[in-house]
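First comes the structure, then the notes that go with it.
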Amino acid sequence: MSSARPRPLAVLASLRLTVVLLVMSIILVFAATLDQVHLGVWGVQEKYFRSFFVFSQIGGTGFFFPVFPGGTLLGAVLIVNLVTAHLYRFKWSWKKSGIWLTHIGLILLLAGEGLSGMLQKDNQMRIDVGQTRRYSESFRETELAVIETTRPEYDQVVAIPAALLTAGGSIQQPLLPFVVKPVAYFANADVRMRSQVTNPPPSLATAGEGVDMVATPMAVTTNPDETNWPTGYVELVGPDGSLGTFLVSTLLQSPAPFTYQGRTFRLALRAQRDYLPFTITLEKFTHEIYPGTDIPRDFASTIRLRSDDGRDDRQIRIFMNNPLRFGGRAFYQAGYANNDRTTVLQVVRNPSWQIPYVSCALIVLGLLVQFGIHLFTFFRRRLAGLNRNQDRKPAPAAAAPELAVSPPSP
Amino acid sequence: MLSPSSTQRRLVRLFSAALCAGLAACNDKSITSYRVPKEPDAAQAPAPDAAASSGSPAISWTAPAGWQAQPASGMRQGSFLVPGAGGATADMSVVSFPGSGGDDLANINRWRAQVSLPPLAAADLPSQVQNLAAPAGQFVLADFAGTAADKGATRLLGAWLRQPDRVWFFKLMGPSDLVESQKDAFTGFLQSVTLAAGGAQVAVNTNDLPQNAPAVQPPFAGPASGAGMNSMPVQAASGASLLWQAPADWQNQPGNAMRKGSYALGGGAEVAITAFPGDVGGVLANVNRWRGQAGLAPVDDSGLGQATSALDGNGLHFTLVDAEGGANPIVAALLPWNGGTWFFKLTGPADAVTRAKPAFLSFLSTVHAP
């Protein structure tokens, strides 16, 4: 080690750090696997892997403190460790070009997983037979959509992520003539008509159909067979004062419109949408089972894809393990519902989906190059050794045995 | 080992800075805006039940000219935007609920509150409503003028139509002048209402979940929707469900987010099973809540022993509350289990509750942990 090396960088570049990080990763995966019973697969991913720290609650209090580094932090430090070690410990030479390629492949693999975590969007599309859709919906994320329906040609949508409703503070958007003030937000709630509830509490809502309803906060469920129904109250405030406080809930699929300054709006709390530059029409859904059982043999969606630019108008069959890749998204056949009249497609958008393929190709290429160089060096040395032996020995009476392998040309 | 050159040091710093910037940029929580083509069906989720989309609606009507139909919602069977002069609009809704839908006085006072009018006494009720004979049946009409928050003079025209097991509510609400001008149209709308034969059995789009759960998660499924779980503590699941064996003649009813089970027992009696986290106020508070619903006086700690009895079975300890003496008899059981509290409640007309009580008690003995 050189004494001139700055100490923090020496730690970052050390092999010990690599080992510690790998051991911590194993512990993290083990703990997350055990906790999956309580949190479900999505909850575990968010808490353990897509986080910088794993937080734990101090018993009986509302305080959370970090107890272990999360997957994002471990992965990031691992990349830094690998790159730093490379820049410090390795010197570029043709002899080590294979190692360089392999390590670049590894770094790319780690970075690709990080990018997937950040950029990948998993949505779903539910389409009835004969129905046409041009958007997919998030499995988990919710948004408050303020939809202006004034114009006959189109709807103007302002989509506010639900995370902003929990953050507090007013939300302003240039397209809206009012400010949206979150009043309350529940990740899960039950909404009932006021007349159905005995001794209902006073409503926070002062406008819209929510005046007649009662929202009761519920514990968030992580059971994949159960559903959370995000619900909230938002107040709209214009220059002349409040327009009222509205109840918004994913249980209200199409809330009543209201008018303000001659413009018509709707407020909808809904699954976050990703609008597509094309439409998909479900023409037919096929669901075959093995005779005498309920085990699915094949389920497939025959869809018609029409792009807005008119370039594509074709019929496509999406079935198990045969997704449609179009417009930067992959559409997988994921499920069915409603007595086989509704198909459920999983829509995956991952701009970095090719990185793992490139990484693996680089790793394979690097290993081939490195082993090739070693092989080449080995043969050259062996040939040189044989030649030296021949020079030292007196001329044999018989002819020297021939080499099994001819030397490679330089 | 080689000592790092200044170029190498610069590369390390550059890489670290790029990584930090990349990680900082990953939190995409921004507001977006876009235009979308109008999609009349886009706002509606796929119909969850066969009856709703079989082309035989339980109710139909003829809307007056000028009323703009809006997509039906989870609560609404029908929805209209009624435009008036100067950009004013009124809102017309058609809503249906199973059961009695609350008593007349409660409904009237709920509507009066919406136009900032004081509640009526029961004695004043007959003078405030009118009857309207129509092909669909006998409607009860109400007409209230008052004010709504920040909307000035507001008028509400309401009507309901009772069926044996269902109530339909019709409400037109908006600026006074506009609603006044639409009064005849509203009455004409009610006259045009027809209910399909057997309409009471047709599944209606309420907030109840469909009986037949879909083969996949519904559109909004998933844990901790919305808030972004990085920014909020992950709550523990409420735990597994208790199991039970319901008598064969109990009809399973659609559950909802709060109900774990619901059964119709005949004669109007109903069993509802709910579960909540924590102790939900404790035994005394819940006993008195039920006694209040049943029309009985509350008890204090000393009277709790008389008002309740213990019921043990399958390692579970129920607190049984028998509130049959009141106007709305209730037999209920409370069960603390797995960090939460489960409620089993039998309600209905007095004779039906009395008949169903033995079956309810034997049903409780079938409840067990998974």
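The values are calculated or read from the model by the stated rules, or taken from the named source; none is laboratory data. Just so it is clear, the model here is predicted, and its values are computed rather than measured. Here the Cβ positions follow ideal geometry from the backbone for every residue, glycine too, while neighbour counts run over all protein chains shown.
Out of curiosity, is A:VAL41 loosely packed, with under 15 Cβ neighbours inside 10 Å and either within 13 Å of another protein chain (Cβ to nearest Cβ) or free of Cβ contacts under 8 Å to residues at least 12 places away in the same chain (or both)?
In short, yes.
If a residue must be at the interface with chain B (Cβ under 7 Å from one of its Cβ atoms) and of a type in the set (Ser, Thr, Tyr), how many such residues does segment A:234-253 contain?
So the count comes out to 2.
Keeping to segment A:79-125, report how many residues are without any contact (Cβ under 8 Å) to a residue 24 or more places away in the chain and polar (S, T, N, Q).
Total satisfying the criteria: 1.
Are there any strands (runs of 3 or more DSSP E) wholly within segment A:79-193 with 3 or more residues that are within 9 Å of chain B (Cβ to nearest Cβ), on the phi < 0 side of the Ramachandran plot and buried (at least 19 other Cβ atoms within 10 Å of the Cβ), and if so which?
Result: A:121-128, A:132-148, A:154-161, A:189-193.
Scan (1) within 11 Å of chain B (Cβ to nearest Cβ); (2) touching a Leu at 6+ places or on another chain (Cβ under 8 Å); (3) over 17 Å from A:ARG133 (Cα atoms) for the single condition A:ALA334 breaks and write down its number.
A:ALA334 satisfies every listed condition except (3).
Here is a list of conditions, (1) in contact with a helix residue (DSSP H, G or I) (Cβ under 9 Å, 6 or more places away or on another chain); (2) of a type in the set (S, T, N, Q); (3) more than 7 Å from every other protein chain (Cβ to nearest Cβ), and A:THR231 meets all of them except one; can you say which number that is?
That leaves (1) as the condition not met.
Restricted to segment A:111-151, and to residues that are of a type in the set (Gly, Ala, Ser) and farther than 30 Å from A:GLY71 by Cα, which residue is modelled with the highest pLDDT?
Looking at residues that are of a type in the set (Gly, Ala, Ser) and farther than 30 Å from A:GLY71 by Cα, I get A:ALA145.
Provide a single number: the residues in segment A:326-351 that are at pLDDT below 85 and not in a strand (DSSP E or B).
Going through segment A:326-351 one residue at a time, the tally reaches 4.
A:ILE318: aliphatic (A, V, I, L, M), farther than 30 Å from A:LEU247 by Cβ and more than 25 Å from the chain's Cα centre (by Cα), yes or no?
It is false that A:ILE318 is aliphatic (A, V, I, L, M), farther than 30 Å from A:LEU247 by Cβ and more than 25 Å from the chain's Cα centre (by Cα).
Identify, please: which residue in segment A:336-347 is buried (at least 18 other Cβ atoms within 10 Å of the Cβ) and over 9 Å from A:ARG126 (Cβ atoms) and is, among those, farthest from the chain's Cα centre (by Cα)?
It comes out as A:ARG341.
Between residues in segment B:287-303 that are assigned by TED's automatic domain parsing to the domain that holds B:PRO349 and under 19 Å from B:LYS345 (Cα atoms) and residues that are of a type in the set (Phe, Trp, Tyr) and assigned to a helix (DSSP H, G or I), which pairs lie under 9 Å by C-beta distance while being six or more apart or on different chains?
B:LEU296/B:TRP290
Any residue at all in segment B:331-347 that is farther than 25 Å from A:ALA219 by Cβ and out of contact with any Phe, Trp or Tyr (no Cβ under 7 Å at 6 or more places or on another chain)?
Looking through segment B:331-347, none of the residues is farther than 25 Å from A:ALA219 by Cβ and out of contact with any Phe, Trp or Tyr (no Cβ under 7 Å at 6 or more places or on another chain).
With under 29 Å from A:PRO177 (Cβ atoms) and among the hydrophobic types (A, V, I, L, M, F, W, C) as the only criterion, which of A:PHE258, A:PHE319 stands out?
Being under 29 Å from A:PRO177 (Cβ atoms) and among the hydrophobic types (A, V, I, L, M, F, W, C) holds for just one of A:PHE258, A:PHE319, which is A:PHE258.
Can you find a residue that is of a type in the set (Ser, Thr, Tyr), surrounded by fewer than 16 Cβ atoms within 10 Å (Cβ to Cβ) and assigned by TED's automatic domain parsing to the domain that holds B:ILE273 anywhere in segment B:341-356?
Yes, segment B:341-356 contains at least one residue that is of a type in the set (Ser, Thr, Tyr), surrounded by fewer than 16 Cβ atoms within 10 Å (Cβ to Cβ) and assigned by TED's automatic domain parsing to the domain that holds B:ILE273.
Can you tell which of B:PRO118, B:PRO57 is at pLDDT 85 or above, in a loop (DSSP other than H, G, I, E, B) and more than 10 Å from every other protein chain (Cβ to nearest Cβ)?
Exactly one of B:PRO118, B:PRO57 is at pLDDT 85 or above, in a loop (DSSP other than H, G, I, E, B) and more than 10 Å from every other protein chain (Cβ to nearest Cβ), namely B:PRO118.
The rows are residues; the columns are (1) aromatic (Phe, Trp, Tyr); (2) in contact (Cβ under 8 Å) with a residue 60 or more places away in the chain.
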{"residue": "A:PHE319", "(1), (2)": "yes, no"}
{"residue": "A:PRO356", "(1), (2)": "no, yes"}
{"residue": "A:GLN370", "(1), (2)": "no, yes"}
{"residue": "A:HIS374", "(1), (2)": "no, no"}
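Can you tell me which of (1) free of Cβ contacts under 8 Å to residues at least 60 places away in the same chain; (2) part of a loop (DSSP other than H, G, I, E, B); (3) under 22 Å from A:TYR336 (Cβ atoms) is the one A:LEU305 doesn't meet?
(2) is the only condition that A:LEU305 fails.
Given the conditions (1) farther than 30 Å from B:ASP103 by Cβ; (2) at pLDDT below 85; (3) part of a helix (DSSP H, G or I), which single one is not true for B:ALA285?
Result: B:ALA285 passes all but (1).
State the number of residues belonging to segment A:244-263 that are under 16 Å from A:ILE147 (Cβ atoms) and modelled with pLDDT of 90 or more.
Residues flagged as under 16 Å from A:ILE147 (Cβ atoms) and modelled with pLDDT of 90 or more within segment A:244-263 amount to 3.
Of all residues being assigned to a loop (DSSP other than H, G, I, E, B) and either within 7 Å of chain B (Cβ to nearest Cβ) or under 34 Å from the mean Cα position of the chain (by Cα) (or both) in segment A:194-212, which is nearest to B:SER116 (Cα to Cα)? Just the residue, please.
A:THR206
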